[in-house]
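Here the structure comes first, spelled out in structure tokens, and everything after it is commentary.
The values are calculated or read from the model by the stated rules, or taken from the named source; none is laboratory data. Predicted model only: the values in this text are computed from it and were never measured. Neighbour counts are summed over all protein chains in view; Cβ atoms, including those assigned to glycine, are modelled from backbone coordinates with ideal geometry.
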Amino acid sequence: MDKKETFITAIKANEGLIYKIAAVYTDNTEDRKDLVQEIVYHLWKSFESFNQKSSLSTWMYRVAMNVSIYHLKVAKRKVSTIPIDGEAINFHEPENNDLEDRLKRFRQSVDKLNLLEKGIVMLYVENKSHQEIAEITGISVTNVGTKISRIKDKLKSQLTKQQ
Amino acid sequence: MELDDLKNSWEAINKQVDNQQNLNPQIIDKMTRNKYNASLHKIIYPELIGTLVCFASAVYIGFNFGKLDTVFLQGAGILAILLLVALSIISLLSVRHFNMPADVSKPYAEILKAFAVQKIRFHKFQQINVMLSYLLLVDTIVLMSKFFSDKDISDNKYFWIFSFPLGYIFLLFFSKWVSKKYNNTLRQAEQLLKELES
């Protein structure tokens with residue numbers, strides 16, 4: 001299998017991961033499509049340097065989350081991505097609005113958190129261990145624990161204020 | 001929602017996302033071949049055009065420096081060149097704010113730190129930029145009246161009567177707008193940086 005084929009297989013296997021990260025960092029489907037495209041592009045660009053020191057999923061999370069932060073700045077400037085060879089990629093829209101509603105509620109809940117906390121929540125709900133979260137984010141395992149308990153408190157007080 | 005509720009909600013999202021198959025090999029292949037960050041260029045080009053205009057104006061003033069026949073006008077000419085060069089440099093440094101780091105596979109916190117530093121720097125540059133632009137505006141009026149109609153507008157007392165109070169009012173409103181618009185963003189970036197450094 002050549003490099004491109006290996007990459008495509010890896011992307012296909014982790015398509016959900018890319019989609020979910022894009023969904024957390026964007027609040028509309030257009031931006032989400034742009035972000036998915038940009039993540040795949042940057043994954044490919046850095047695929048060469050992927051040295052397997054970390055697992056494929058750790059590397060993918062890192063690239064996807066890092067690209068998302070920068071995409072946020074561009075999206076704020078209301079610039080859209082160019083279509084591929086003149087034709088836009090048409091993602092299937094969700095079968096119903098249920099997924100969109102769930103994603104919206106999720107985003108609203110984490111909206112008041114900073115980008116580091118948002119990233120940690122994203123990895124926590126993905127059932128990543130403290131060790132994996134530390135590896136992806138680059139903070140210590142102890143710090144991950146401290147941050148998660150702070151996030152819990154923040155979300156709880158946010159909920160109390162709303163009630 | 002509390003964190004554990006978010007986890008439950010995420011599990012439902014997971015199930016729905018897993019059922020979606022949006023990317024086929026052809027689309028993925030196209031994505032790797034196209035420069036998607038072209039969208040970024042749309043932002044960068046106006047900044048670069050601005051920089052070129054500034055440089056061209058500085059060169060124009062330099063070439064016409066001989067027309068400036070009083071010490072005051074010569075001072076205004078030098079100030080304008082310095083301001084134009086400074087604005088060009090600030091504009092170029094601002095563009096760096098949009099650059100994606102060379103290695104996007106670095107740990108998230110490391111990239112976030114770079115992001116927060118860039119954000120703070122960008123907003124500071126923006127503030128300086130607007131202040132300098134006002135100074136340049138006043139200076140340009142003086143120079144242009146000399147270059148294009150051979151008049152020294154600085155002799156006109158009404159010019160100074162209006163330019164300073166108007167400038168003061170502008171700066172007053174501007175500083176209020178800056179503190180309203182940017183302080184929150186800056187505070188958040190600084191807090192994030194503090195958190196990442198702790």
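Observations
- Filter result (touching a helix residue (DSSP H, G or I) at 6+ places or on another chain (Cβ under 6 Å) and over 15 Å from A:S68 (Cβ atoms)) within the range A:95-105: A:L99, A:R102
Yes/no matrix, rows are residues, columns are (1) at the interface with chain B (Cβ under 8 Å from one of its Cβ atoms); (2) farther than 21 Å from A:S55 by Cβ:
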{"site": "A:L113", "(1), (2)": "no, yes"}
{"site": "A:G119", "(1), (2)": "yes, no"}
{"site": "A:T137", "(1), (2)": "yes, no"}
{"site": "A:V141", "(1), (2)": "no, no"}
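- Residue check: B:A189 meets all listed conditions (1) within 14 Å of chain A (Cβ to nearest Cβ); (2) more than 30 Å from A:I139 (Cβ to Cβ) but one, namely (2).
- B:Y108, sole failed condition from (1) more than 14 Å from every other protein chain (Cβ to nearest Cβ); (2) aromatic (F, W, Y); (3) over 16 Å from the mean Cα position of the chain (by Cα): (1)
- Whichever residue in the range B:9-24 is under 15 Å from A:R102 (Cα atoms) and surrounded by fewer than 17 Cβ atoms within 10 Å (Cβ to Cβ) and, among such residues, is nearest to the chain's Cα centre (by Cα): B:N14
- The range A:57-70: number of residues that are modelled with pLDDT under 90 and aliphatic (A, V, I, L, M): 1
- Residues in the range A:10-32 that are among the β-branched types (V, I, T) and within 17 Å of B:I27 (Cα to Cα): A:I11, A:I18.
- Some residue of the range A:76-97 being modelled with pLDDT of 90 or more and farther than 26 Å from A:S46 by Cβ: no
- Where B:I120 falls short, out of the listed (1) within 17 Å of B:Y45 (Cβ to Cβ); (2) more than 12 Å from every other protein chain (Cβ to nearest Cβ); (3) at pLDDT below 85: (1)
- All conditions in (1) aromatic (F, W, Y); (2) modelled with pLDDT of 85 or more; (3) surrounded by 15 or more Cβ atoms within 10 Å (Cβ to Cβ) hold for B:F55, with the sole exception of (3).
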